[in-house]
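Visitor: Structure in structure tokens, see below.
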Amino acid sequence: MADGQRLFVKITRESLPQVKDKYPFIYLERGRLEVDDSSIKWIDSEANVVALPIATLNTLLLGPGTTVTHDAIKTAVAANCSVCWVGEDSLLFYAAGFLPTADTRNLKQQVELSANPDKSLEVARRLFARRFPDADLDGKSLKEMMGMEGYRVRSLYQEKAREYQVGWKGRQFTPGKFEFSDITNQVMTAANAALYGILCSAIHSMGYSPHIGFIHSGSPLPFLITHKSQPSLAAYRA
């Protein structure tokens, strides 16, 4: 191949693997993301070069110290690979980028279910059924099921405090005043923030929105709050 020439292979929807055949994500930090012919290469801080199979990746998680070229972003979205900008080890979530013409099937289903009160309640009931597999939730209201979860969590806090001999006076957190909490609550708040970052990346990578929830409302990320305590992202599927 002559100098300056580059071989590009057009990526079509038919040539792309299905989501079930893809790797869910890859986390990168302290390096540079560039185009390598028709794909993408990663150059780390020690100048090691790794070719990335971008068509078989669902999401790129870009951590601290990462730079990325314009062509690399174009190639990623052309392969239907979303990009998220995250904190170290993905413990904080900052932003996400998606192909404007990407498949919105999951997001559309999420919106349709959330907008219908009866279907939204059924989704919430399915989620709670995974948390309480032996409980009869038929006919229970959302408020009643949230009360069950609240009691379970409070009891779990007390149980773990006794198990690990940690002083516990209840969950206390004042936004913007982290240092006002006791050490146990500070640890839980920090761990909770890390969990939020990981879950937000996971939700985005699967094509859902953290802003559309079924159990919680009135907060910026109600779907994320739901899955902080629930075991499955796909539990609400019809």
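Visitor: Would you confirm whether any residue within region 81-91 is at pLDDT 90 or above, surrounded by fewer than 17 Cβ atoms within 10 Å (Cβ to Cβ) and either under 20 Å from the mean Cα position of the chain (by Cα) or within 19 Å of S205 (Cβ to Cβ) (or both)?
Guide: No, that holds for no residue.
Visitor: Taking region 2-32 as the search range and keeping residues that are under 22 Å from the mean Cα position of the chain (by Cα) and assigned to a strand (DSSP E or B), which one is modelled with the highest pLDDT?
Guide: Here the residue is L28.
Visitor: Scanning for something more than 21 Å from the chain's Cα centre (by Cα), part of a strand (DSSP E or B) and among the charged types (D, E, K, R), does region 57-73 turn up at least one residue?
Guide: Checking region 57-73: not a single residue is more than 21 Å from the chain's Cα centre (by Cα), part of a strand (DSSP E or B) and among the charged types (D, E, K, R).
Visitor: Show the residue pairs meeting these rules: Cβ distance below 8 Å; 6+ apart or different chains; first residue within region 54-65 and under 14 Å from L33 (Cα atoms) and open to solvent by 30 Å² or more (accessible area, probe 1.4 Å); second residue assigned to a strand (DSSP E or B) and not acidic (D, E).
Guide: G65/G31
Visitor: Something else now. Exactly one condition in (1) loosely packed, with under 14 Cβ neighbours inside 10 Å; (2) at pLDDT 85 or above; (3) more than 19 Å from L199 (Cα to Cα); (4) not charged (D, E, K, R) is false for A102; which is it?
Guide: Single failed check for A102: (2).
Visitor: Could you identify the single residue in A96, A51, A76 that is closer than 16 Å to I203 by Cα, among the hydrophobic types (A, V, I, L, M, F, W, C) and touching a Ser or Thr at 6+ places or on another chain (Cβ under 9 Å)?
Guide: Just a single option satisfies the conditions, and that option is A96.
Visitor: Which one is nearest to L156 (Cα to Cα) among residues in region 176-210 that are open to solvent by 50 Å² or more (accessible area, probe 1.4 Å) and touching a helix residue (DSSP H, G or I) at 6+ places or on another chain (Cβ under 7 Å)?
Guide: L195
Visitor: Continuing with this model, one more query. Kindly indicate whether any position in region 189-206 is assigned to a loop (DSSP other than H, G, I, E, B) and in contact (Cβ under 8 Å) with a residue 24 or more places away in the chain. Before you say what the answer is, go through the steps one by one.
Guide: First, pick out the residues of region 189-206 that are assigned to a loop (DSSP other than H, G, I, E, B): 206.
If we keep only those that are in contact (Cβ under 8 Å) with a residue 24 or more places away in the chain too, we end up with 206.
The answer is yes; a qualifying residue exists.
Visitor: Here is a follow-up. Checking E112 against (1) within 15 Å of Y208 (Cα to Cα); (2) open to solvent by 30 Å² or more (accessible area, probe 1.4 Å); (3) of a type outside the set (K, R); (4) in contact (Cβ under 8 Å) with a residue 24 or more places away in the chain, which test does it fail?
Guide: Against the list (1) within 15 Å of Y208 (Cα to Cα); (2) open to solvent by 30 Å² or more (accessible area, probe 1.4 Å); (3) of a type outside the set (K, R); (4) in contact (Cβ under 8 Å) with a residue 24 or more places away in the chain, E112 comes up short only on (4).
The values are calculated or read from the model by the stated rules, or taken from the named source; none is laboratory data. Computed from a predicted structure; not experimentally measured. Note that each Cβ is placed from the backbone with ideal geometry, even for glycine, and that neighbours are counted across all protein chains shown. Just the protein is used for accessible areas: all its heavy atoms, side chains included, with ligands, DNA and RNA removed. Shrake-Rupley method; radii C 1.70, N 1.55, O 1.52, S 1.80 Å.
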